[in-house]
Structures are given as structure tokens and as C-alpha cells.
Amino acid sequence: MRHVDAANAVPPPPDLHEVQFDGLPGPTSFHGGLSLGNIASQVNAGVPANPHGAARQCLAKMRAVMELGVVQAVLPPLSRPDLSALRRLGFTGSDSEVIAQAAVAEPQLLRHACSSAFMWTANCATVIPSRDSRDGRCQLVTANLAAMPHRALESQPRANMLRHIFSDSQRFVVHDPLPTYATLGDEGAANHHRAVGSSGVCHLIVHGRSAANTPEELPQRFAARHTLEASRAVARIAGAINIVHARQNPTAIDAGAFHNDVVMVGSHDRILIHARALVDQQQVLEQLTALTGPLRIAVIDEHELTLEQAVRSYLFNSQLLRTTDGVVLVAPADSAEGPARAVINRLQSEGFINRSVFINLRESMMGGGGPACLRLRVPLNERELSAISPGLVLTPDRLRQLEGWVDQHYRRELTLADLGDGRLLDEGRAALDELTRLIGLGSMYQFQGGTV
């Protein structure tokens, strides 16, 4: 492990709450192997899923974060199966007939329409807080997720949901996704980091490819999803100040780091990064510190944790949280032993973190999503926080209500063959209808007369 920082640098106290908006899987959560380049997703394709367990594990993580004194909120699931998408693909008749036709004629398309990958909300948008944007409002640029068909279906419904949630136009701007072109692939905040030092703030946006790259410069095993052209467009649209663009190391992508948050995590003045995360990594880190002032940067060398071990343990997909008791690393249980645990122990002994918390996210991890994948960080001041629906911000009572809601509505097992069961649609709609009442969001979904 190498430190390239001023170890005692302390930024000024934050005037923003870094609200953790965590996603929930829907009742159709399954393991479909839909995400090429995501090794866990591919390995577990077809394994029976436990939607109830997935949702309960996500809620348990939210509880752990909330108990650290961090503001924890929830982003509701999207409605699945996506009947409007299936109808656009030529299936007709009643809702149950559309599902039955798709199950026979195009089972892979039905899997796309049933996907619960929206649970990984780090991909849903890039967020620039009001203090860092030129028009003084919090900017949310919805990701188009153009690289994967099942995720591209999320983009416009998610934009509509974000508008429903962040509806105060005096304080928030929710932007539509970029056009769904291959050259404008935008994977959202999984490739975005906000660094805060003693003298400034900087936004690092990481891409995997650009139109200028030669074939030799690109990953050879898996495709790079996020483009430089998309990153530049997002920065322009959001009016963000102090932007640094960097390219992810193609070797990391080929090892299974399909997003940057599989090999890097940053929060405020701290950055934890694998030595092979970025192209020209030392120069990028120097750019950051030139704009922010000294940062605490821990670089994990290959001899301590190989890229393959990083992907398998998802150590870098942990959450770094500032709490009243210091910096806490919320890590997946998969990193609680072996080389990943040795790295964590050293981080704690050297004062980079104050302690660690390990979370069982087995169902999410089987799809390739760890603690950081499940949350969208939205830095809000007090007035902005008060402008969102209070039902979204978790309290112990609200969390217990959500746990009871999951217990009532989610199946304990779901296979790929079950996706053709028309009853899933009714079960999902009943669950979401109750959820919107539970958290006070009104008629948000299309089946309720809303826009999502």
C-alpha cells in the first residue's frame, strides 16, 4: 500500500449531508446473466434467486448505514415486467397475453423487461450538488445506460421517478438521459467521484473509451461501457465546476471491473484506489490534489491485492462514510477474509479508516453489485433535504414498515421459468401500490396513472 497524500490534511466541516439513496430490488429479482463483462452476473446466470432475501439484505445494509448516523433514504423499484417495452416490440393483447407471448417467442427479451438491475442505483444518475453547479441548484443527469439493453430500459422511467422525487424546481434540476448512441454511453455515478480537500472541490469522471482511442488501447476481453464524450456532455449539462476526466485502465475492465467503482472508492478527502485502476493514474491524482489541496489517497498495489482478487472480493465497492465517530468502511462480507481483509486491517491501523462494517449482500453480489453499487450519493443542504418527500428518508419505524412490506410481497424463490408467470405482474403492482402509500409518493407509476 502506498500513500500519496498529506496524511494529516483535514478538510473544513461539510455543509452538505451526503444522503445515501439506496435502491431496492423488485419482486422479479432474478439471476439472468444479462451483463456481459460482469463476471459475477455471468457465473450465476440461471441460478434460482431469492427476491425476498435480496430485498431484506438491502434493507439490512440501509439499517447499518442509518445506525452510523448517516442520512439514509430509499429509491423505490421500477415497475416490472416492463409491459410498455414489450408492446413496443410487437407483443399484443392483454397484459398476461403479452407476457405469455414473450416467454415463448423471445425469452431473452422478457428477461430484459423483468430485470431488477435498477437496484444498483449508483448507475441511475450523476449528481452535482448545488454548491458545485453554476446555476446554484442540485443537478441530476440521468444515465442512459446504453451499453446493456436491460439497463437502457431503465433510463427514461428513472428520470421520471427522479423528477417525481426531486420536484422542487427551485432547488433541483433532473435532466433527461443523453441520446442512446454507442458513442454516448453514460453509466452514471458508478464512474463519478467528488473529492473535497482543504482548498477546493473537484469532480473526477472516469470513462472506458473515446472515439479517439485505437483498438490497441481498448480492452480486449470486455467492452468499455462509458465514453469520454458522454462524460464531457454530462459535465456541460450539469454546469459542474472543476472537472477531471480520466480513462479506466483497460486491464481492469478485462479483469471484470466493468465500472470504476469496482477498483476505486472516494469520499470527501479520502480515495482508496487499486494501482491499476486508471490510465496515467499518478498524473490524474496529481490533478485532483492541485484542485482540492492535499487528499488522503491509499493506493493498493498488485502484490497486496490483484485485480482478480479485487473483483472477487469487491473491496473497492465498499462505502466510505464520514460519521461522528470517524471514517467507516461499509464493506461486503466477501472482503472479510483473505488478502482483502489484510488490506482493510492495514487501512485501519494506518488511520485511513477508523473502523469497518461487513454486510451480507449475497443476492446482490451474485449479480455483481456490492454496497457502493446499491447507493446513489446525493449531497444536499438542509433546505434541499427538507424539499424531498420525508417518507423516503429512513427512520427505525419506517425501516420496520419496509421490512414487513417485503415479507408480505416478495417470493422466496424465483427461476427464469417463473418470469412467464402472469401472476408476477399482479404481485409486483400490488407491492408497488402499497409502497407508494407507505412512503407518501402518491400515484407515481403508470399503472396508477403516473409517469414512471
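Within the range 44-58, can one find any residue that is under 30 Å from Ala195 (Cβ atoms) and open to solvent by less than 10 Å² (accessible area, probe 1.4 Å)? Within the range 44-58, one or more residues are under 30 Å from Ala195 (Cβ atoms) and open to solvent by less than 10 Å² (accessible area, probe 1.4 Å). Among residues of the range 198-213 that are farther than 21 Å from Thr183 by Cβ, those with a Cβ under 6 angstrom from a residue that is open to solvent by less than 20 Å² (accessible area, probe 1.4 Å) and outside any strand (DSSP E or B), sequence gap 6+ or separate chain, pair up as Ser198/Pro11; Ser198/Gly293; Ser199/Gly293; Gly200/Thr292; Val201/Asp132; Cys202/Leu288; Cys202/Thr292. Residue check: Leu86 meets all listed conditions (1) among the hydrophobic types (A, V, I, L, M, F, W, C); (2) within 20 Å of Leu145 (Cβ to Cβ); (3) crowded, with 22+ Cβ neighbours inside 10 Å; (4) touching a residue at least 60 places away in the same chain (Cβ under 8 Å) but one, namely (4). Gln220 fulfils the conditions (1) open to solvent by 10 Å² or more (accessible area, probe 1.4 Å); (2) outside any loop (DSSP other than H, G, I, E, B); (3) of a type outside the set (A, V, I, L, M, F, W, C) except for a single criterion, (2). Listed by first and then second residue, the pairs with beta-carbon distance under 6 Å, at least 6 apart or on different chains, first residue in the range 321-336 and open to solvent by 10 Å² or more (accessible area, probe 1.4 Å), second modelled with pLDDT of 95 or more and aromatic (Phe, Trp, Tyr), are Ala333/Phe358; Asp334/Tyr314; Ala336/Phe358.
Scanning the range 125-149 for residues being open to solvent by 10 Å² or more (accessible area, probe 1.4 Å) and not small (Gly, Ala, Ser) gives a total of 6.
For the range 19-35, does any single residue satisfy the condition of being open to solvent by 40 Å² or more (accessible area, probe 1.4 Å) and over 16 Å from Leu153 (Cα atoms)? Among the residues of the range 19-35, not one is open to solvent by 40 Å² or more (accessible area, probe 1.4 Å) and over 16 Å from Leu153 (Cα atoms), which makes the answer no.
Are any of the residues in the range 69-80 of a type in the set (Lys, Arg), in a loop (DSSP other than H, G, I, E, B) and in contact with a helix residue (DSSP H, G or I) (Cβ under 7 Å, 6 or more places away or on another chain)? Within the range 69-80 (the criterion being of a type in the set (Lys, Arg), in a loop (DSSP other than H, G, I, E, B) and in contact with a helix residue (DSSP H, G or I) (Cβ under 7 Å, 6 or more places away or on another chain)), the answer is yes, since at least one residue qualifies.
The values are calculated or read from the model by the stated rules, or taken from the named source; none is laboratory data. No experiment lies behind these values; they were computed from the predicted model shown. Cβ atoms come from the backbone with ideal geometry, glycine included; neighbour counts cover every protein chain shown. Ligands, DNA and RNA are stripped out before the accessible areas are found, and what is left, the full protein with its side chains, is counted by its heavy atoms. Shrake-Rupley method; radii C 1.70, N 1.55, O 1.52, S 1.80 Å.
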